[in-house]
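Engineer: This is the structure I have questions about; it appears just below.
The values are calculated or read from the model by the stated rules, or taken from the named source; none is laboratory data. On a predicted model such as this, the values are computed, not experimentally measured, just so you know. Note that we place each Cβ from the backbone using ideal geometry, even for glycine, and neighbour counts take in every protein chain shown.
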Amino acid sequence: MNRVYGYWIFGALLAVLVAAALLIYFGPEQNEGRVPERQPSRLGQEAGEPQQGAGAESAKPFSLVTTFRGDPKTSRAFTWHTASTEAASVLQVVQDTGNASFEGSGVRTFQGTTTILELIDGSSQGVHKTEAVGLEPGTGYRYRVGDGSTEGWSEPAAFTTEPTKTEAFTFLNVTDSQGVTERDFELWKRTLDKAFGQFPDAAFVVHNGDLTENPEDPEAWKHLLGKARPWVASYPLMPVTGNHEEVDKKADAFVSHFMVPDNGSPSSIPGTSYSFDYGPVHFVMLNSESKVKDQAAWLEKDLNASDKAWTIVSIHRPAYGGNQDKSVLKHWVPVFDKYGVDLVLQGHNHEYSRSYPLQEGRIVESGGTVYVTLNTSGPKFNKKKDDQFYHRVHFQNGNQMFAAIRIQGDTLSYQAYDVKGERLDSVDIPRQ
């Protein structure tokens with residue numbers, strides 16, 4: 001054996017011994033406290049014991065959105081996602097006094113739930129939902145969400161609760177944002193920018209469904225809510241399911257992104273049908289993708305229990321639009337007629353139409369229900385369908401649109417705009 005070869009053998013043996021010693025010394029200490037691997041739960045199940053400080057980057061909130069769940073005067077709900085499925089769900093709220101601090105004595109902290117959304121690629125996201133309750137009516141608040149750790153908070157945002165007595169208010173309506181790419185959702189952002197720019201006093205947004213093209217694409221949801229964050233983090237986004245939310249009788253991604261009232265039809269996927277009140281208006285949000293007939297019984301019970309002066313319904317597939325959904329027409333329209341629904345907001349057609357006031361399938365001079373289908377707030381437009389007897393207005397303008405609806409006194413004022421801010425249609429609906 002020559003000297004060089006002997007040195008090589010000795011060096012190799014020494015390296016093995018050193019590596020073994022390091023493994024023995026550091027191994028147990030490094031593994032202490034590590035979260036054991038586990039199979040992810042299905043959406044809606046608890047994700048195990050949530051942890052604060054689950055990892056600064058993986059616990060960072062994204063897709064933050066606010067909604068109504070309880071009384072808009074005294075509560076507000078929030079949903080966000082994280083890369084971590086272990087992060088806690090913490091909400092901090094403080095009255096917006098101009099110099100409000102999250103370190104002061106006026107801060108209120110709310111603990112929420114953490115569940116898991118399984119993604120199509122086999123990975124998963126943490127789904128975080130919590131609600132601030134016991135708030136003061138007509139009051140501005142600042143808030144942040146996160147896991148409770150120093151590095152785990154979102155950027156602060158603001159919201160205002162509904163006043164004690166709301167006699168007049170404006171809300172916005174959009175539909176079919178339905179994008180795929182980040183560029184697609186720039187169109188959605190631009191639509192909301194123009195809408196809030198022209199109506200800065202709008203209280204919330206109603207979305208008539210088809211928020212993204214593919215409900216199983218997590219990046220599309222990130223773009224949808226990320227691009228619109230200046231608005232949807234402060235103004236409630238109240239959506240219904242479209243055919244691009246509920247697929248094969250599942251709507252997991254849709255449900256994971258919104259914390260809405262749990263008062264919907266027992267036949268529907270929880271979170272896909274519900275109702276809420278704001279001011280003198282009762283809003284009903286229906287799921288046109290499944291169990292349409294079964295929802296009719298709940299719809300009748302819900303409308304019968306309302307004492308509000310106005311009723312507005314949001315659906316995706318139209319009863320009277322560019323076309324007509326036969327199931328919606330058969331099972332829901334008779335209930336709309338019976339209880340005097342004032343306005344039905346629709347989507348799906350990717351064109352614009354407004355009906356005459358209708359009752360029992362006929363145009364009426366007084367009373368009746370007006371059905372409006374907005375054009376898209378995203379990239380996709382369809383060829384204009386044939387005009388029908390019920391169309392008062394019907395066109396394809398090839399531009400994103402939004403509507404501003406104002407309720408004041410005995411008048412509901414509906415105005416439809418394109419993304420350039422040009423008013424394309426308007427109608428005043430008198431109280432029935």
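Engineer: Confirm whether ASN382 is surrounded by fewer than 16 Cβ atoms within 10 Å (Cβ to Cβ) and closer than 30 Å to TRP221 by Cα.
Structural biologist: In short, yes.
Engineer: Can you find even one residue in segment 235-256 that is on the phi > 0 side of the Ramachandran plot and crowded, with 18+ Cβ neighbours inside 10 Å? It would help to see each step written out before you state the result.
Structural biologist: Quick first cut of segment 235-256, residues on the phi > 0 side of the Ramachandran plot only: 248-249.
Those left that are additionally crowded, with 18+ Cβ neighbours inside 10 Å: none.
The answer is no, given that none of the residues of segment 235-256 is on the phi > 0 side of the Ramachandran plot and crowded, with 18+ Cβ neighbours inside 10 Å.
Engineer: So is ALA195 touching a Leu at 6+ places or on another chain (Cβ under 6 Å), buried (at least 24 other Cβ atoms within 10 Å of the Cβ) and at pLDDT 95 or above or not?
Structural biologist: Answer is yes for this residue.
Engineer: Among what's in segment 335-372 and is β-branched (Val, Ile, Thr) and touching a Lys or Arg at 6+ places or on another chain (Cβ under 8 Å), pick the residue that is surrounded by the fewest Cβ atoms within 10 Å (Cβ to Cβ).
Structural biologist: Checked segment 335-372; the qualifying residue surrounded by the fewest Cβ atoms within 10 Å (Cβ to Cβ) is VAL370.
Engineer: Would you tally the residues in segment 321-367 being in contact with a Ser or Thr (Cβ under 8 Å, 6 or more places away or on another chain), among the aromatic types (Phe, Trp, Tyr) and over 18 Å from ASP387 (Cβ atoms)?
Structural biologist: Number of matching residues: 2.
Let's see how each residue does on (1) over 25 Å from HIS282 (Cβ atoms); (2) in a loop (DSSP other than H, G, I, E, B):
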position: HIS348; (1), (2): no, yes
position: SER353; (1), (2): no, no
position: SER377; (1), (2): no, yes
position: VAL393; (1), (2): yes, no
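Engineer: Listed residues GLY340, GLY347, GLY264; which is touching a residue at least 12 places away in the same chain (Cβ under 8 Å) and at positive phi?
Structural biologist: Within the list GLY340, GLY347, GLY264, the selection yields GLY340.
Engineer: In the list PHE185, PHE110, PHE169, which residue meets the criterion of being more than 30 Å from GLN408 (Cβ to Cβ), part of a strand (DSSP E or B) and either out of contact with any Lys or Arg (no Cβ under 8 Å at 6 or more places or on another chain) or modelled with pLDDT of 95 or more (or both)?
Structural biologist: When all the criteria are applied, what remains is PHE110.
Engineer: Any idea which of (1) over 23 Å from the mean Cα position of the chain (by Cα); (2) crowded, with 21+ Cβ neighbours inside 10 Å; (3) within 21 Å of HIS244 (Cα to Cα) is the one LEU329 doesn't satisfy?
Structural biologist: Of the numbered conditions (1) over 23 Å from the mean Cα position of the chain (by Cα); (2) crowded, with 21+ Cβ neighbours inside 10 Å; (3) within 21 Å of HIS244 (Cα to Cα), the odd one out for LEU329 is (2).
Engineer: On to the next question. Among SER327, SER256, SER306, which is polar (S, T, N, Q), modelled with pLDDT of 95 or more and within 30 Å of HIS81 (Cα to Cα)?
Structural biologist: Values: SER327 fails: within 30 Å of HIS81 (Cα to Cα); SER306 fails: within 30 Å of HIS81 (Cα to Cα).
The match here is SER256.
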